[in-house]
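Data block below; observations after.
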Amino acid sequence: MKTSVRSWASGRASLVPCSGRWPSRPAARARCNFRIRIEFRTGIPFSLRMSVRTRFAPSPTGFLHVGGARTALFNWLYARQNDGKFILRIEDTDAARNTEEAYKVIYDGLNWLGLDWDEGPDKGGPFGPYQQSERNAIYEKYLAVLEAGGHVYEDNGAIRFRSQRKPVLVEDIVCGKIEFDMSNPATHPDMTIRRPDGSWIFHFVNVVDDIEMQLTHVIRGEDHLSNTPKHIELYQALGATPPKFAHIPLILNHEGKKLSKRDGGSSITYFLDLGYTPEAVANYLCLLGWSPGENREFLKTPEILSLFDLGQINRRNSIFDLDKCFWLNGQHLQHMSLERFEELALPFVDKAGVSYGTIDALRPALAIVKPKVKHLSDVPDWIGFLFTEEYPFDPEAVAKSLAKPGAGDRLQALGSALSALSDWTHAVIELKLKETAATMGVKAGELVHPARVAVSGRSVGPGLYEMFEVLGKARTLARFDKARALAA
RNA sequence: GACCCUAUCGUCCAGCGGUUAGGACACCGCCCUUUCACGGCGGUAACACGGGUUCGAAUCCCGUUAGGGUCGCCA
């Protein structure tokens, strides 16, 4: 009897009464019928009751990659799902490129995505410091352990770790069991762990920190899968139990290559600047390689938190599709509360210098564009004309409707009809406009289009009656008069 | 080159031995409509190939091909 890895990941246990090897593929795993589900606290190995600790360990490059962000997200989700801790560790063994700005990019990106960490360089914690450049004494201590065990040797001033040259089994929550044959030094050379100048190599410090910080789960990109047997050898030499590993598939660009800095949308900053909402980006990112089933896609973060299943992640790399992320962004914008929309849109509005006066004046404007915009960065442009009489007229829009024969007269007629209204709300305005069109014997569009351009200067925008309402009666009618100068 | 992983519409995700192979984005029609959106309806579009196993394979096995990853005194 074996307990499947996948179920460990979900915090459940399934006894699978089929003997033999662990099935290594998701399909094979799932194919074992006759599962007996048992409750979490019964029959689970003790180690699993330890509280979960996961980490995100970026190096401070000044760039937060979407792949990294997804890795962080998955680690965060897993920790939060299991009442565990999520740790931020900065891997800055290459001290030269260590800048304050680079730290800020990481902090800002994670904060923006809503991924809060429990321990980190800025927060402290029981296993600090949380930046590798300050952990030298710890590495020295662990190196001494390796030396005492005869696991290292010097080579041209560098220190190398001697492989045991035995097969190493990687048990991965996503990938299943994979055996690596380490016997050939030509294909698996002994790794260097320290340079002649005394600085440390990633593999060593990464493993040491994961031991020291008592990480229970290492969730990282699949590009590390082939490094994992080496890491396991290190754990063994240090007398430590390896954590559980979960290697998640990579995110590729449209050419099917690893998403690089040069690819549009490869940086979290890109999404932040363009006015994507963090909930949409998190939603999109978690959908790469994972699905909650039942054809569900639009997910709010709390739903992701309850549905996400590390063991359910698929193995294949996926191509980043900006179109779909864009669509999801519109969906989130549309479905979020007006309060949240305000919170997110305000920085963009302020940055663009829209002089809206008070927040109370801004709110109605935001309300009428919320169902329409796809990017928060579009908001200033969509509401700007509501707060100035100096709004520009788009020549194309003018030519298309205002400049058409009779448009000026129709505008005037509409103006005088509307001026009679005492109740200036969009529903009443709409009725009045349609009534006016009927009496004039023209289609509503003949009034609507010139009026839209008159009031906003353009042919695309929020709902017409809503614009009138927000603008107020006096300003609406004044704009009618002003625009008649442009009309035919 | 060696080793590891992967292979379903253009893209993302379903599929767990018997399905008219499903949903979403994108694209194309139509409807709704004051623009743009939203929404609704419909359409185009996929099991890489070859062998097995099986009464039956997109699903299991092997091979081929293709793609990705790793083999750093980068992280």
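Which trypsin sites (Lys or Arg not before Pro) does the stretch A:436-474 hold that lie in a coil by DSSP with at most 15 other beta carbons within 10 Å? Write out the running numbers ahead of the final one.
On the way: sites: A:LYS443, A:ARG452, A:ARG458, A:LYS473; in loops: A:LYS443, A:ARG458.
Sparse-neighbourhood loop trypsin sites (Lys or Arg not before Pro): A:LYS443.
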### Task
Largest first and to the nearest Å, give the Cα extent of the stretch A:196-255 along each principal axis.
42, 31, 19
### Query
If each of A:ARG315 and A:GLU179 carries a label point 7 Å out from its Cα toward its Cβ, how far apart are those two points in nm?
1.6
### Query
What percentage of the solvent-accessible surface of the stretch A:142-205, computed with a 1.4 Å probe over protein heavy atoms, is contributed by carbon and sulfur atoms?
50
### Task
Mind jotting down the distance between the C-alpha centroids of the stretch A:142-163 and the stretch A:292-308, whole Å?
47
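Take every DSSP beta bridge with both residues inside chain A and express the antiparallel ones as a percent of the total, to the nearest 5. Intermediate values should be presented prior to the final figure.
Values: 20 of 34 bridges.
Counting only bridges with both partners in chain A, antiparallel ones make up about 60 percent.
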#### Entry: Dimensionless Rg/Rh of the stretch A:155-257 - Kirkwood Rh, Rg from C-alpha atoms
0.99
### Query
Setting aside same-chain residues fewer than 8 positions from A:LYS230, which lysines have a Cα under 22 Å from its Cα?
A:LYS141, A:LYS166, A:LYS177, A:LYS244
### Message
Please compute the modelled spin-label separation between A:LEU421 and A:SER355, points set 7 Å along Cα→Cβ, answer in nm with one decimal.
### Response
2.8
### Cross-link partners of A:LYS85 among aspartates and glutamates (Cα-Cα below 20 Å; sequence separation of 8 or more within a chain)
A:ASP108, A:ASP116, A:ASP118, A:GLU119, A:ASP122, A:ASP209, A:ASP210, A:GLU212, A:GLU303, A:ASP309
### Summary
Of every hundred units of 1.4 Å-probe accessible area on the stretch A:246-399, the number belonging to carbon and sulfur atoms, as a percent, is 52
### Query
On the first, second and third principal axes, largest extent first, how far apart are the outermost C-alpha atoms of the stretch A:220-367 in Å?
66, 35, 33
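Hey, what's chain A come to in accessible area per residue, 1.4 Å probe, Å²? Each step should come with its number before you reach the end.
Values: 22520 Å² over 488 residues.
Here the residues of chain A average 46 Å² of exposed surface.
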### Message
Counting only protein heavy atoms and a 1.4 Å probe, tell me what percentage of the stretch A:63-135's accessible area is made up of carbon and sulfur.
### Response
46
### Added length on full extension, which subtracts the Cα-Cα distance from 0.36 nm per residue, A:ASP223 to A:GLU297
24.0 nm
### Task
Taking a cut-off of 22 Å between Cα atoms, list the lysines near A:LYS258, but don't count ones fewer than 8 places away on the same chain.
A:LYS324
### Cut-off 9 Å between beta-carbons: net charge of the residues surrounding A:GLY461, Lys and Arg +1, Asp and Glu -1
+3
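The values are calculated or read from the model by the stated rules, or taken from the named source; none is laboratory data. Computed from a predicted model, the values in this text were never measured in an experiment. Every residue, glycine as well, gets a Cβ built from its backbone with ideal geometry; the counts of neighbours run over all protein chains shown. The protein model used for the area step is the full one, side chains on, heavy atoms only, and it has no ligands, DNA or RNA in it. Shrake-Rupley method; radii C 1.70, N 1.55, O 1.52, S 1.80 Å.
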